[in-house]
Amino acid sequence: MAAIFGDICCGGGGASLEMLAAGLKHGWAIEADPEIASVYKANVGDVICGFAQSINPYHLEKVDVLWCSFPCQAFSVARGKKLEKRSDADLGALKIRSQSKLKAW
């Protein structure tokens, strides 16, 4: 039976596509930006649009593998302006992580 994965801050779906190619089964994905979520939906499939911190982890399918691509724009030197660092994804990932005995994190 294939391991089921969840993807937090899923972006356009690059990590999810690789996990699917590796034989894992898509459980759920979360993306805060509605425009980016529409790209994920076109590339991969269903996506929950919202901040990970606001998602009730007990309403999510149990997963074996949890992937999180934390927002990094505030740390990038490629941007010309300084952005505020975000912790909502970190807190949301920890909240979701606590709901399951994961095989991989």
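The values are calculated or read from the model by the stated rules, or taken from the named source; none is laboratory data. Note that the structure is a prediction, hence the values are computed from the model and not measured. Virtual Cβ from ideal backbone geometry, glycine too; neighbours counted across all protein chains shown.
Take the residues in segment 15-36 that are touching a helix residue (DSSP H, G or I) at 6+ places or on another chain (Cβ under 8 Å) and modelled with pLDDT under 95, then tell me which one is surrounded by the fewest Cβ atoms within 10 Å (Cβ to Cβ).
Ala32
Please state which of the following conditions Val39 fails to meet, knowing it meets all the rest: (1) outside any helix (DSSP H, G or I); (2) buried (at least 16 other Cβ atoms within 10 Å of the Cβ).
(1)
What number of residues within segment 1-14 satisfy the criterion of being hydrophobic (A, V, I, L, M, F, W, C) and crowded, with 21+ Cβ neighbours inside 10 Å?
Selection size over segment 1-14: 4.
Can you give me the number of residues within segment 3-36 that are within 15 Å of Trp67 (Cβ to Cβ), hydrophobic (A, V, I, L, M, F, W, C) and in a loop (DSSP other than H, G, I, E, B)?
The qualifying residues number 5.
For the subset of segment 42-53 comprising residues that are part of a helix (DSSP H, G or I) and under 13 Å from the mean Cα position of the chain (by Cα), which member is nearest to Ser16 (Cα to Cα)?
Once the filter is applied, the top-ranked residue is Ala52.
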